[in-house]
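Structure first, then comments.
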Amino acid sequence: MAGFSRSASFFLFLAALTTAPAAAQETVTATLSANLGGLAKLTLSSTTVTFPDADPDAFPLISPATGPLTVTVKARASAGSTVRLTISAVDDLRSGTFIIPVSTLTWTTAGAGFIGGTVSRAAAQTLGTWTGSGVNVGTQTYRFQNSWVYAPGTYTLVLYYTLAAP
Amino acid sequence: MKKAVWSGILAVAALAALSTPVYAQQTANGTVTVSVSVNARAKLSINNATTTAISFADTDPDLNGGVINANQALNIDVKARTSPTGSVTLTVRADHDLQTAGSDSIAINNLTWASGSGGGFNATGTSSASAEVPVATFTGPGSRSGSQSYSLANSWNYAVGTYAATLTYTLTAP
């Protein structure tokens, strides 16, 4: 019994040596907060589109000498929301007092979310829609409807692109 | 007091946890300037060609009111780009009288025409080798079409032969 008692004491002593003292337990929670606000960025490969003169019979639709526009849309928006890129015009094509209706400008597109359309003075026209955040790249090619009824001149027009990310 | 403070903290925490972030709509803008060149142009086609021919069959001068009608009418397409007030004119002129390979001739003013078009085309006209004769006059740009039917005054006085002349049409758009 005395031997057992010595063995037990020795074991308890070893246990005491090999066991770390129990510390007071404490839980610390660090809350990470990243405030990601909405962002919208629009990049156009060119700010000019130029159409050359052409015979209306041979070229009823004129392609721009400047080629297609590359449109890059970057948006950070709330999940499920619609990101929309629109084009608007506040005037017709104008050369001095001569006017060509802006509806003679149409466009085709390539790229996910981009859609074709016709320029309008009455309302902004949609060039593309996407859902949620992301980067979308596409091309837009304008066409000008040629005609014999236009008076000679150099006609200009400013088109306004608006990207909205809610 | 202590309870009230804890209640306030919990209320704020709950509000923060349950609320949805609200962001103002973000927009980005760009502009593209479109430029279109429209030059002055004029295009004329007769029977869808740049050259065509009409002929008059030999006929008894006492028949058909002494007039020979050409074998076909001329369908004239005039296209012009000019200012809205610009005057577009189409004229015709013969190179000479109707002539045979020899020395016989028929005065070119025996060749007349009637237009069935209106809309800027003169109703009638008489050919000339000495001056441009107006066929049609328009104002401003656009496409117009008309027809012209030639007739030749027949006569017992004409010498036998095959007569020819060339009519040159000129479209002018300032």
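Structure above, values below:
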{"read-out": "Mean separation of Cα contacts under 8 Å, 6 or more apart, over the residue count of chain B: relative contact order %", "value": "28"}
{"read-out": "Of all DSSP beta bridges in the protein assembly as shown, antiparallel share, percent nearest 5", "value": "95"}
{"read-out": "Shielded residues, region B:137-152 - accessible-area loss of 10 Å² or more between chain alone and all protein chains, probe 1.4 Å", "value": "B:P141, B:G142, B:S143"}
{"read-out": "Of all accessible heavy-atom area on region A:39-164, the percent that carbon and sulfur account for (1.4 Å)", "value": "55"}
{"read-out": "Rounded percent of accessible protein surface that carbon and sulfur make up, chain B, 1.4 Å probe", "value": "54"}
{"read-out": "Furthest towards positive pole of dipole, A:L42, A:A77, A:Q140, structure part the protein assembly as shown, Cβ charges", "value": "A:A77"}
{"read-out": "Per-pair calculated FRET efficiency, R0 = 25 Å: B:V160 and B:L63 via Cβ, rounded to 0.05", "value": "0.90"}
{"read-out": "Translational diffusion of the protein assembly as shown, µm² s⁻¹ [Kirkwood Rh, Cα pairs; Stokes-Einstein; 10 °C; 1.306 mPa s]", "value": "57"}
{"read-out": "³J(HN,Hα), Karplus 6.51/-1.76/1.60, whole Hz, each residue of region A:120-131, x for Gly, Pro", "value": "9, 7, 6, 7, 5, 10, 7, 9, x, 9, 9, 10"}
{"read-out": "Region A:39-164: relative contact order in percent, alpha carbon pairs under 8 Å with at least 6 residues between", "value": "35"}
{"read-out": "Amide H contacts under 5 Å for B:N122, placed H, 5+ residues apart", "value": "B:A136, B:T137"}
{"read-out": "B:T137/B:A40 FRET efficiency (R0 22 Å; Cβ-Cβ; nearest 0.05)", "value": "0.80"}
{"read-out": "Amide hydrogen neighbours beyond the local backbone of B:N39, cut-off 5 Å, H modeled", "value": "A:A54, A:G153"}
{"read-out": "Residue of B:S130, B:S37, B:S55 that the Gaussian network model of chain B assigns the largest fluctuation, springs spanning Cα pairs under 10 Å", "value": "B:S37"}
{"read-out": "Residues listed by number, region B:78-107, amide nitrogen under 18 Å from B:T126 label point at 7 Å toward C-beta", "value": "B:92-98, B:106-107"}
{"read-out": "Within a Gaussian network of chain B (alpha carbon springs, distance under 10 Å), most fluctuating of B:T31, B:T91, B:T50", "value": "B:T31"}
{"read-out": "Accessible area that becomes buried as B packs against A, both chains, 1.4 Å probe, Å², nearest 100", "value": "3300"}
{"read-out": "Among B:T33, B:T82, B:T52, residue whose mean-square fluctuation peaks in a GNM of chain B (springs only between Cα atoms under 10 Å)", "value": "B:T33"}
{"read-out": "Helix B:2-18 vs. chain B, principal-axis angle (Cα, 0 to 90°, nearest 10)", "value": "20"}
{"read-out": "Mean accessible surface per residue for the protein assembly as shown, computed with a 1.4 Å probe while every protein chain stays in place, in Å²", "value": "56"}
{"read-out": "Phi to ³J(HN,Hα) by Karplus 6.51 cos²θ - 1.76 cosθ + 1.60 over region B:128-140, Hz, x for Gly, Pro", "value": "9, 9, 9, 8, 5, 10, x, 9, 7, 9, 10, 10, x"}
{"read-out": "Partner chain coverage, peptide A:152-161 - average Cβ within 10 angstrom", "value": "6"}
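The values are calculated or read from the model by the stated rules, or taken from the named source; none is laboratory data. Everything numeric here is computed off the predicted structure, so don't read it as measured data. Backbone-built Cβ (ideal geometry, glycine too); neighbour counts: all protein chains shown. Please note that ligands, DNA and RNA were not included when accessible areas were found on the heavy atoms of the full protein model with its side chains. Shrake-Rupley method; radii C 1.70, N 1.55, O 1.52, S 1.80 Å.
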